[in-house]
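The values are calculated or read from the model by the stated rules, or taken from the named source; none is laboratory data. The shown structure was predicted, so the numbers you read here are calculated from the model rather than taken from an experiment. For neighbour counting, all protein chains shown are included, and Cβ atoms are generated from backbone atoms with ideal geometry for every residue, glycine included. Heads up: the accessible areas ignore ligands, DNA and RNA and are worked out on the full protein's heavy atoms, side chains in. Shrake-Rupley method; radii C 1.70, N 1.55, O 1.52, S 1.80 Å.
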Amino acid sequence: MAFNLPCACVIIGCIFASLVKTSNISDVYPPLWKESPGQFSDYKIENGKYIINFWSYRDRLGTYKILLNKTAKYFAKFSLENEQNILWGLPVHHGWQYHTGRLADPTQSTDCGHKSGDHLCISVDSWWADLNYYLSAMPFLAAVDSGIMGISPDNVTFLPPSKDQMNFCYNVSNCHLSFPEAMKKWNEFYQLVKSHSSSFDDLLESLWAAHVSSLDVARKNFQNRLKYYSKQEADFARSWALFVDYLAPPRFPTTLIRTYEFQKELPRRMLVSGDKAPFISDFSGFQNTVLFALNLLHKVHKYTGTLSLILWKALMKSTVARKLFLEILEFILHSFN
């Protein structure tokens, strides 16, 4: 059972090792970040409500941009330029999904999201896009509900997808009704954001609690989407979702630079039949290592059940254990340097 704990340590250690090189701040933003909406007035208004198409990459990315802009003042005490805003992890990961083609229609029945067609389209059949919906709509609407965004909760709504409309929520009241626990966690996070006494660690703990709560619901609702992918891509998707469960307890800081640097070590394209880490020729050695480690974590977790994750969470509740763990990661980082 204990094997799964060092396995998680190795993977997270790889993450921190990938942070050795500092990136140019101008290169780290998600694709089309500058071109995306940055204020509510950039969206269409109907009957006094802002109408946002969450099935357009640019529109969905714009909600993240507004969220980062509106919360910048609360994170100013941690750094300049809003770099230490821990909400950066959400749009940066979404940008990776877009760049690698994971928001496109996996059924190939439409041109949605494909470079040869409407590349800004987000497909409702995409497992990645649907999980991301829960990690974009809920954080955004909870921020509106908290008062951080400066508009009434009644003044914004999202357009529904072409099908499976009941799996999503479209405004503040609808999200509270459909996903009460996840919305509660996000509201609690924003209350901490607004508090002057909240520490960086407090904010990370609350953010990860909200993140995992949204992801738990999304994984159950969209398991059937994985049938559209190659076995390799579906296995990676499951491994990534599981990895988040292990990444949350140590409170990985989802700041701009850290998230971007790790994203570079994730698969640069969709996985296809024949891809077998660590022997994928067009992936770097480190990308192969990360993918292999993620697959290994999933296999071991499947074999051992949830006991290892329970033990991992219990261990990471200790401040001393987390401090020791971070010191080990620091050692790994310098070893790779």
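Worth pointing out:
- Taken one residue at a time, the phi angles of region 144-152 give Karplus couplings (6.51, -1.76, 1.60, θ = phi - 60°) of 4, 5, 6, x, 5, 7, x, 10, 6 Hz. Gly and Pro are set to x.
- Of all lysines in the structure, the ones whose alpha carbon falls short of 29 Å from that of residue 220, not counting any fewer than 8 places away in one chain, are 65, 163, 184, 185, 231, 264, 276, 299, 302, 313, 317.
- Relative protection proxy for 270-277, 41-48, from highest mean packing down: 270-277, 41-48 (other beta-carbon atoms within 10 angstrom).
- Region 194-299, relative contact order in percent, only Cα pairs under 8 angstrom and at least six apart counted: 33 percent
- Using θ = phi - 60° and Karplus 6.51 cos²θ - 1.76 cosθ + 1.60, couplings along region 275-286 (whole Hz; Gly, Pro as x): 6, 9, 6, x, 10, 8, 5, 8, 9, 5, x, 6
- For residue 120, the residues whose modelled amide H falls within less than 5 Å of its own, excluding neighbours fewer than 5 places apart on the same chain, are 113.
- Three-way shape label, region 132-256, alpha-carbon gyration tensor, a/c 1.5: oblate
- Eligible lysines near residue 77 by straight Cα distance, threshold 16 Å, same-chain separation 8 or greater: 194
- Mean Cα-pair separation over length for the chain, i.e. relative contact order, pairs under 8 Å, 6 or more apart, %: 25 percent
- In terms of the mean number of neighbouring beta-carbon atoms within 10 Å, the peptides 149-159, 90-100 order highest first as 90-100, 149-159.
- Using θ = phi - 60° and Karplus 6.51 cos²θ - 1.76 cosθ + 1.60, couplings along region 259-271 (whole Hz; Gly, Pro as x): 5, 4, 4, 5, 4, 5, 9, 8, x, 7, 8, 5, 7
- The helix-based estimate of mean residue ellipticity at 222 nm for the chain, built from -39,500 (n - 2.57) per DSSP H run of four or more residues and divided by its residue count, is -17000 deg cm²/dmol to the nearest 500.
- Amide H contacts under 5 Å for residue 50, placed H, 5+ residues apart: 156, 157
- Whole-number accessible area per residue in Å² for the chain, which is evaluated in the context of all protein chains at 1.4 Å: 45 Å²
- When the solvent-accessible area of the chain is split by element, carbon and sulfur atoms take up 56 percent of it, the probe being 1.4 Å.
- Spherically averaged projected area in nm², based on the convex hull that wraps the Cα atoms of region 226-312: 6.3 nm²
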